[in-house]
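These notes concern the structure reproduced below.
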Amino acid sequence: MKVAVAGLWHLGCVTAASCAKHFDVCALDDDAKNIAALREGKPPIFEPGLAELTQDGLRSGKLKFTTDAKAACGDAAVIWNTFDTPVNDDDVPDADSVLAHIRRLVPLAKADAIFLISSQMPAGTCRKLEAEFPGRRFAYSPENLRLGGALKVFNEPERIVAGCRTEKDRALLAELFRPFCANVIWMSPESAEMTKHALNSFLALSVTFANEIARLCELTGADAKEVEAGLKSDVRIGPRAYLGPGAAFAGGTLARDVVALTQLAANRNEPLALIPAIKMSNDRHKGWALSRLKDELGSLRGIAVAVLGLTYKAGTDTLRRSQAVELCERLLTEGCAVRAFDPAAKQLPASLAGATMSPDPRRALAGADAAVICTEWPEFRALPWAELIASMRRPLIFDANSFTKSSLPETPGLRYFSVGKTT
């Protein structure tokens, strides 16, 4: 089977490199610089193992990269659409940009090719394209990646959700999915599209619910981690529930679907109360660290704050949609001296021009009034915390997810803050 993968950012690069283990893959992107780098085995985003897998595909000859849409799609049985769906600062997705890409490719594909869409798109996308291109085949399988662990999730999923119209479509997609997972949940394209919205919104709801309970715990003396254990002990909820108190959910992935469902309802004059409130609550919770800093220190003008971790999450080098960057921006606005350190990010974004990028954690923490743990890099647990705490002017550590708590020594004067527990 020949597979074209169109759109080469995180999802597309993982999809192309993984599929090349089993099929002939031609991967397409409009960005000539991106394609040139990928031809050298250098993906545009860091993901553990992705560069190596890409290089394996290039060596085998089963993976090719091109900017030529006709060359990529002309003889492919499946055109797997993995374009990144942009979102603005309010998490509103720009589906039109993805549709423009797909519309450009349809006339270039052979008549019986199937367009498999995994980009995050609004429910009704496949039906809309079917109306525009009668006789063409469209299907939807929601992406299921996690930054820092994307290869394992893609290659060893617990299940694959797939929406298609006919048995012919199902047979072709089953062949595509067979090397990755035997458990395919088949449904209509509309149901598959809605499943993605519903899944991310439910996860977002769980995070938001846990954090609202946690903030009430802080006010009442309860311990949110103990409450979490109590919740997960109930079989109707279960131990794997997304109910851990901590930082707000970040990035555009979850918020994008919350906003998509909110827009879908508004466009159909269907009033919703619960789903729009998820984003409102999460946006409010993003201010937890700043609020607690102000509670302890009052005015932050002239206060030195060390921020450990800048990337969106551990295992990546992307700063896009990073809560740590947002926090640094707000700290700078408050007049703080911000010193940041991250194992993967080597340069500060332009929005943090007033901050300092420290070459190591020691420089960041020396003389600091407070430290905020933002990204859960494993190496942060292995830091010489006794030495680092002693070097701080005021040993105040804010760690929303309690990530480093077990690594910190008993130190006189140390005050440790996490979501959902009174210090």
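Every number in this text was worked out from the coordinates using simple rules, so none of it is lab data. If you're wondering where the values come from, they're calculated on a predicted model, not measured in any experiment. With ideal geometry, Cβ positions are generated from the backbone for all residues, glycine too; neighbour counts draw on all protein chains shown.
Some notes on this structure:
- Helix axis angle, 274-285 relative to the chain longest principal axis, alpha carbon, degrees: 40 degrees
- Efficiency of FRET from Cβ geometry, residue 128 and residue 390, R₀ 45 Å, rounded to 0.05: 0.15
- Within straight-line cross-link reach of residue 286, lysines at Cα separation under 28 Å, skipping those fewer than 8 residues along the same chain: 196, 225, 232, 294, 313, 346, 405, 421
- Other residues within the sphere of radius under 12 Å centred on the Cβ of residue 327, judged by their own Cβ, net out at 0 (K and R +1, D and E -1).
- Distance from the alpha carbon centroid of the range 357-402 to that of the range 75-125 works out to 43 angstrom.
- Calculated Rg/Rh (Cα atoms, Kirkwood Rh) (choose from (1) 0.95; (2) 1.00; (3) 1.11), label: (2)
- Neighbours of residue 36, meaning other residues whose beta-carbon lies under 14 angstrom from its beta-carbon, give a summed charge of -1 when Lys and Arg score +1 and Asp and Glu score -1.
- Lysines whose Cα lies under 28 Å from that of residue 70, excluding same-chain neighbours fewer than 8 positions away: 2, 21, 33, 42, 62, 110, 128, 168
- Within the same chain, aspartates and glutamates fewer than 8 places from residue 64 are excluded, and of the rest, those with a Cα less than 12 Å from its Cα are 24, 29, 40, 56.
- Each other residue within a Cβ distance under 13 Å of residue 281 adds +1 if Lys or Arg and -1 if Asp or Glu, for a net charge of +2.
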